[in-house]
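Quick notes on the structure that follows.
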Amino acid sequence: EVQLLESGGGLVQPGGSLRLSCVASGFTFSSNTMSWVRQAPGKGLEWVSTISGSGDSTYYADSVKGRFTISRDDSENTLFLQMNSLRVEDTAIYYCAKNPNRLLEPRDWFDPWGQGTLVTVSS
Amino acid sequence: DIQMTQSPSSLSASVGDRVTITCRASQSISSYLNWYQQKPGTAPNLLIYATTSLRSGVPSRFSGGGSGTDFTLTISSLQPEDFATYYCQQSYSTPITFGGGTKVEIK
């Protein structure tokens, strides 16, 4: 069974940093593109970032580009999201999700999702 | 960026009703459209991928259709466990974008 377990969320002041982790199990982690999707309290879903199975290609939403960095450690089956210069509007539950292919392709989806980790940016 | 517009944003329906949710893309996305279900306090779950393909384990009362810019999610006979929020998502190009969601409530 595929499982994704996020950690690293918490309360941080504006301008601060956090590093989220997502430990994967139940599949060959290095073979799949992986993503982060967030959901602000009471709001809809927003794609944040995606990294290819090789780690060579990364993609970011404009809202986080230059502030967030996605990476992966295939030896530890772990996906990361380094979040710097955090803003109040980054407050959300952050989900990691598995994509079906090694590379990001148009025929793509998120399945499954982790349970999420809450990031709160507030002074 | 491709904008995804869902309608309605909410609806009330009874058990046994046939329910259809619409998703419209701001430009053609071929068949690269996915649907998710989210219940309160839980992560989203994939229902349908590539417009019409039912994820393994998802009941057959769920179906998807459309192409180009207009897509639908249909629940043929609403069950108590189907009351949730549904999101469409395009995977045609980055940035990947979601619709605003449709909350299905009990009438």
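Every number in this text was worked out from the coordinates using simple rules, so none of it is lab data. Bear in mind that the values here come from a model prediction, so they are computed numbers and not experimental data. Every residue, glycine as well, gets a Cβ built from its backbone with ideal geometry; the counts of neighbours run over all protein chains shown.
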**Message:** Condition first: under 15 Å from A:Phe27 (Cα atoms) and either among the aliphatic types (A, V, I, L, M) or away from chain B (no Cβ under 14 Å) (or both). Now tell me which residues in region A:73-115 satisfy that.
**Reply:** A:Asp73, A:Asp74, A:Ser75, A:Glu76, A:Asn77, A:Thr78, A:Leu79, A:Ala97, A:Arg102
**Message:** Going residue by residue through region B:56-73, is there one that turns out to be in contact with a helix residue (DSSP H, G or I) (Cβ under 8 Å, 6 or more places away or on another chain) and either assigned to a strand (DSSP E or B) or in contact (Cβ under 8 Å) with a residue 24 or more places away in the chain (or both)?
**Reply:** no
**Request:** From A:Leu45, A:Leu103, A:Leu79, grab the single residue that is surrounded by fewer than 14 Cβ atoms within 10 Å (Cβ to Cβ) and either hydrophobic (A, V, I, L, M, F, W, C) or within 20 Å of B:Leu46 (Cα to Cα) (or both).
**Result:** A:Leu103
**Fill in**
Selection from region B:2-29 of residues surrounded by 16 or more Cβ atoms within 10 Å (Cβ to Cβ) and either within 12 Å of chain A (Cβ to nearest Cβ) or among the small types (Gly, Ala, Ser) (or both) yields B:Ile2, B:Met4, B:Gln6, B:Ala13, B:Ala25, B:Ile29
**Prompt:** Of (1) out of contact with any helix residue (DSSP H, G or I) (no Cβ under 9 Å at 6 or more places or on another chain); (2) surrounded by fewer than 17 Cβ atoms within 10 Å (Cβ to Cβ), B:Gln38 satisfies all except one. Which?
**Reply:** (2)
**Prompt:** A:Ser85: small (Gly, Ala, Ser), surrounded by 14 or more Cβ atoms within 10 Å (Cβ to Cβ) and out of contact with any helix residue (DSSP H, G or I) (no Cβ under 7 Å at 6 or more places or on another chain), yes or no?
**Reply:** no
**Message:** Tell me whether region B:75-91 contains one or more residues that are at the interface with chain A (Cβ under 10 Å from one of its Cβ atoms), within 20 Å of A:Arg38 (Cα to Cα), surrounded by 21 or more Cβ atoms within 10 Å (Cβ to Cβ) and free of Cβ contacts under 8 Å to residues at least 40 places away in the same chain.
**Reply:** no
**Item:** Count - residues of region B:30-56 that are out of contact with any Phe, Trp or Tyr (no Cβ under 7 Å at 6 or more places or on another chain), away from chain A (no Cβ under 11 Å) and within 25 Å of A:Leu4 (Cβ to Cβ)
**Value:** 1
**Message:** Regarding region A:1-21, can at least one residue be identified that is without any contact (Cβ under 8 Å) to a residue 60 or more places away in the chain, surrounded by fewer than 14 Cβ atoms within 10 Å (Cβ to Cβ), acidic (Asp, Glu) and farther than 28 Å from B:Gln3 by Cβ?
**Reply:** yes
**Asked** Would you pick out the residues in region B:92-107 that are under 17 Å from A:Gly44 (Cβ atoms) and either within 14 Å of chain A (Cβ to nearest Cβ) or not in a strand (DSSP E or B) (or both)?
**Response** B:Pro95, B:Ile96, B:Thr97, B:Phe98, B:Gly99, B:Gly100, B:Gly101, B:Thr102, B:Lys103
**Request:** Could you grab me the full set of residues in region A:1-42 that are farther than 15 Å from B:Pro44 by Cα and of a type in the set (Asp, Glu)?
**Result:** A:Glu1
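Does any residue of region A:54-61 turn out to be away from chain B (no Cβ under 14 Å) and either surrounded by 12 or more Cβ atoms within 10 Å (Cβ to Cβ) or touching a Ser or Thr at 6+ places or on another chain (Cβ under 9 Å) (or both)? So that I can check it myself, show each step before the final result.
Taking region A:54-61 first, the residues away from chain B (no Cβ under 14 Å) are A:54-56.
Filter once more, keeping what is either surrounded by 12 or more Cβ atoms within 10 Å (Cβ to Cβ) or touching a Ser or Thr at 6+ places or on another chain (Cβ under 9 Å) (or both): A:54-55.
Within region A:54-61, one or more residues are away from chain B (no Cβ under 14 Å) and either surrounded by 12 or more Cβ atoms within 10 Å (Cβ to Cβ) or touching a Ser or Thr at 6+ places or on another chain (Cβ under 9 Å) (or both).
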**Request:** Those residues that are among the hydrophobic types (A, V, I, L, M, F, W, C), free of Cβ contacts under 8 Å to residues at least 40 places away in the same chain and part of a strand (DSSP E or B), I need them from region A:48-85; list them, please.
**Result:** A:Ile51, A:Phe68, A:Ile70
